[in-house]
Every structure is written in structure tokens, then in C-alpha cells.
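The values are calculated or read from the model by the stated rules, or taken from the named source; none is laboratory data. These numbers were taken from a predicted model, which means no experiment stands behind them. We place every Cβ from the backbone using ideal geometry, glycine too, and count neighbours over all the protein chains shown.
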Amino acid sequence: MNARELEDYLRTRIPLANAMAVQVRAADASGVTLFAPLAPNINHRDTVFGGSASAVAILAAWSALHVRMQAASLEGRIVIRSNHMSYERPIMAGFTATAAPPELEAWQKFAATLGRGRMARARLVATLDCDGARVGALDAEFAVTPHTAPATMRQPDAPAR
């Protein structure tokens, strides 16, 4: 998956990415860099809204895992499990969020677990930069469930529709 394909995917499948005018600057199996302009993400102090910064960081980390899984022909549903966001300075202009997939040893364990049809977890870090300076960071864990059952699978005691 290249940068253009990822941007199209994000903008059509994740409406918030479109509303925040997220652009994909780079995307390959080694990582992802997203850019978000100030205007659609501004707060009452003329800086980037913290929720926007967090959302773009999560998108970058999610995208890095998604692109790496695509490159390895792994399928699964990626959801965020937990995250911690640190805001190191106000973001006064457009900014980037850069994330890489897990390191080799963690990636191999992740791929093997998912390959066995089990839920796998991956920890990713995304860094935020603005005008050449680091302005924040995200530390997140994602859970990936294999595509073995439909998402709308009926519970055993639920009535049929």
C-alpha cells in the first residue's frame, strides 16, 4: 500500500481523517507519516486542539500497523486497546505524526500469533513534529483479531432476526 492508496482509504473509511484534512506524506512497510494542517484542527487558543493531535497520532500508528500487515499479507481487524498521549509544547501550525511498525522480534511474535488465528497485540509509538521540533508523542497498544468470523456474528442466546 502506497501513500496515495492509504490516503484514499483513510479519507473514505475514516470520516474524521477527512474532516481533519489529513494527508499521507509517506507510507510503506517501514512506517507512515501523516500531516494535518492547523485550520481544521484549531482550538480557541489558535493552536492545534489536543483531540486532533491525539487522533492524528492514533491514525499514524494504526496506519503503520495496517500498511505493514498489508505488506505481509496478514489480515485482521485492528482496534486500539490503550494509549497514552504526551503534549510537549503547543502546536502552532500544521504538524506531522510519524509511526513505525513493531521492531523485528515483536513483529515476528505478532505475525505468528495472528497466523495461528489468535488475537495479537502490537505496541506502537507515534511522534508529533511541528516546524522541525518534536511537540508530542503517543504510546499505544493495538489488538488485532483475525478475520475468522463475521463481525455481526449472533450471540448463542440472542434471538434470530
Subset of region 91-107 [out of contact with any Pro (no Cβ under 9 Å at 6 or more places or on another chain) and outside any helix (DSSP H, G or I)]: Ile91, Met92, Thr96, Ala97, Thr98, Ala99, Ala100, Pro101, Pro102, Glu103
Residue count, region 1-25, condition in contact with a strand residue (DSSP E or B) (Cβ under 7 Å, 6 or more places away or on another chain), more than 15 Å from Gln70 (Cα to Cα) and either small (Gly, Ala, Ser) or free of Cβ contacts under 8 Å to residues at least 24 places away in the same chain (or both), comes to 2
Would you check if Gly115 is over 16 Å from the mean Cα position of the chain (by Cα) and buried (at least 16 other Cβ atoms within 10 Å of the Cβ)? no
For region 20-41, name all the residues that are aliphatic (A, V, I, L, M) and either under 16 Å from Ala126 (Cβ atoms) or modelled with pLDDT of 95 or more (or both). Met20, Ala21, Val22, Val24, Ala26, Ala27, Val32, Leu34, Ala36, Leu38, Ala39
Counted residues, region 28-51 - those being part of a strand (DSSP E or B) and either touching a strand residue (DSSP E or B) at 6+ places or on another chain (Cβ under 8 Å) or closer than 13 Å to Ile91 by Cβ (or both): 8
Considering each residue of region 52-90, count those that are over 14 Å from Val135 (Cα atoms) and part of a helix (DSSP H, G or I), and give that number. 15
Within region 1-49, count every residue that is under 21 Å from Met85 (Cβ atoms), of a type in the set (Gly, Ala, Ser) and surrounded by 15 or more Cβ atoms within 10 Å (Cβ to Cβ). 4
Criterion first (more than 21 Å from Thr145 (Cβ to Cβ) and either in contact (Cβ under 8 Å) with a residue 40 or more places away in the chain or of a type in the set (A, V, I, L, M) (or both)) does Glu88 satisfy it? yes
